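Working notes, beginning with the structure itself.
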Amino acid sequence: MAKPIAFGSYQFRTKKSATEEARRRINNYEANDRLNAEDEMFFTSLFTLHSEFSEKKGVGINYIKVQRDFHNNRCLYICRTDGSEIDCSWVHCIQPAPQKTVVSMAFRRAVKEIIIAYKTTQIDKVVVCPILKTKLTFYNSHVSYLSPSFESMLSNFLDDREIDITSVALVNPKPDDEDQRGKVADQNLVEEWRSYHQNNATLQLLSAEANLRKLKS
């Protein structure tokens, strides 16, 4: 049975589908091109799965660019905030996600409507990003968790119910579902989680760039 690949807010059912999406994105660029914000979010999230991510990131990621290797294949370079740069293999990063990560993604999916509703109501109130002061739109903004983080909140929720995260049963979405993250099978648990999230999550609307910087720091 194929195992999902999960990183950041992205999940794919198979290694093949994740590889195809990465290739589709990188093939839009030529040597020395800098990734746009959307693709940079994708690959920065993917890079967190690299076995040497801390070393690759160094003092921090400034941006990511495309280069050509000795075989003329497109590859990615991390350009650090101190001016140095290093290659980082995205192929090396694509691997089946641990069950804990897959379940966490399913719980994120369970509150997707809450997150979208928050964004919809806040976009008319929060005119500019509180960090970068850029004008926010529905499409260039992200909902970010303040304290507690999503991971801490989910851990507390499951601990209170004495549930091991790796024991939570999931069901697969339908093949034509645009959201391919798994779904928590127990609907009672889903409703409890939505209520808990509603009462405990502290959210903030940021620009996509500001949210990306949080990920890269």
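For a 28 Å ceiling on Cα separation, which of these pairs sit above it: K57/K119; K3/K135; K56/K100; K16/K112? Write down the numbers at each step before the final one.
Numbers: K57/K119 30 Å; K3/K135 40 Å; K56/K100 24 Å; K16/K112 26 Å.
Beyond 28 Å: K57/K119; K3/K135.
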Among GluC sites (Glu not before Pro) in the range 123-217, those in a DSSP loop whose Cβ has at most 13 other Cβ atoms within 10 Å are E162, E178
Rg/Rh over Cα atoms for the range 64-217, Kirkwood Rh, comes to 1.03
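How large is the Kirkwood hydrodynamic radius of the range 1-83, counting all unique pairs of alpha carbons, in Å?
Values: mean 1/r = 0.0735 Å⁻¹.
This gives a value of 13.6 Å.
Given a 1.4 angstrom probe, what's the average accessible area per residue across the range 34-133, in square angstrom?
Values: 5170 Å² over 100 residues.
Value for the range 34-133: 52 Å² per residue.
Would you work out what percent of the accessible area of the chain, with all protein chains in place, is carbon or sulfur (probe 1.4 Å)?
On the way: 5960 of 12210 Å².
Within the chain, the accessible surface is 49 percent carbon and sulfur.
With a cap of 14 neighbouring Cβ atoms within 10 Å, and only residues DSSP puts in a loop, list the chymotrypsin sites (Phe, Trp or Tyr not before Pro) found in the range 133-168.
Numbers: sites: F138, Y139, Y145, F150, F157; in loops: F138, Y139.
Listed in order of number, the matching sites are F138, Y139.
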Of all GluC sites (Glu not before Pro) in the range 1-68, the ones in DSSP coil with at most 14 other Cβ atoms within 10 Å are E30, E52
Residue-normalised 222 nm signal for the chain, counting each DSSP H run of n ≥ 4 as -39,500 (n - 2.57), nearest 500 deg cm²/dmol, is -12000 deg cm²/dmol
Any aspartates and glutamates whose Cα falls less than 15 Å from that of K65, other than same-chain ones fewer than 8 residues away, would be E30, D33, E38, D39, E40, E85, D87
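Once the cut-off is 23 Å, how many percent of the Cα-Cα pairs in the range 45-149 end up in the long-distance tail?
Numbers: 2877 of 5460 pairs.
For the range 45-149, the fraction of Cα-Cα distances above 23 Å is 53 percent.
Given a Förster distance of 45 angstrom, what is the FRET efficiency for F138 paired with S167, based on the Cβ-Cβ distance and rounded to 0.05?
Details: r = 37 Å, r/R0 = 0.83.
Once rounded, the FRET efficiency stands at 0.75.
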With every protein chain in place, the accessible area of C75 for a 1.4 Å probe, in Å² rounded to the nearest 10, comes to 30 Å²
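Using only the heavy atoms of the protein chains and a 1.4 Å probe, how would F7, F53 rank by accessible area, largest first?
Working: F7 5, F53 30 Å².
Result, largest first: F53, F7.
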Under a 1.4 Å probe, counting only protein heavy atoms, D164 has an accessible area in Å², nearest 10, of 90 Å²
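The values are calculated or read from the model by the stated rules, or taken from the named source; none is laboratory data. From a predicted model like this one, the values you see are computed outputs, not experimental measurements. Note that we place each Cβ from the backbone using ideal geometry, even for glycine, and neighbour counts take in every protein chain shown. Remember, those area values only see protein heavy atoms, side chains included, never the ligands or the DNA or RNA. Shrake-Rupley method; radii C 1.70, N 1.55, O 1.52, S 1.80 Å.
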